[in-house]
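Q: Pasting a structure below so you can have a look.
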Amino acid sequence: MLRRTLGSGWGVLIPGVAIALLSTLGLSVEVWKGLITGGLLLTGAMIWHRQLRHFVLLPSCIALISGMVLISMNLKLME
């Protein structure tokens, strides 16, 4: 029961930690846009695969968190 409860939490924590580590590298805007595009494409592909369907949160959260980082980068550039 506890494993099911934590299942979605791990799907968000793992990409969050990965993106936090990538954000320390100072990547360009084009790289962040590529991460968003790759995450969205992987999400679409994983939905149709029978076994990978259970891990669809990983690429979708990568796309979401990368978008949030990109928005924060744009806000810093506007100041």
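None of the figures in this text is laboratory data; all of them are computed from the coordinates on show. Model, not experiment: these values are computed from the prediction. All Cβ positions, even for glycine, are placed from backbone atoms using ideal geometry, and neighbour counts span all protein chains on display.
Q: First measure r as the distance between the Cβ atoms of LEU52 and MET78, then evaluate 1/(1 + (r/R0)^6) with R0 = 35 Å and state the FRET efficiency to the nearest 0.05.
A: 0.35
Q: If the viscosity is 0.692 mPa s and the temperature 37 °C, what translational diffusion coefficient in µm²/s does Stokes-Einstein give for segment 18-76 when Rh comes from Kirkwood over Cα pairs?
A: 277 µm²/s
Q: Right, here's the next one. Of the peptides 24-30, 51-57, how do they stack up when ordered by the mean number of other Cβ atoms within 10 Å, highest first?
A: 51-57, 24-30
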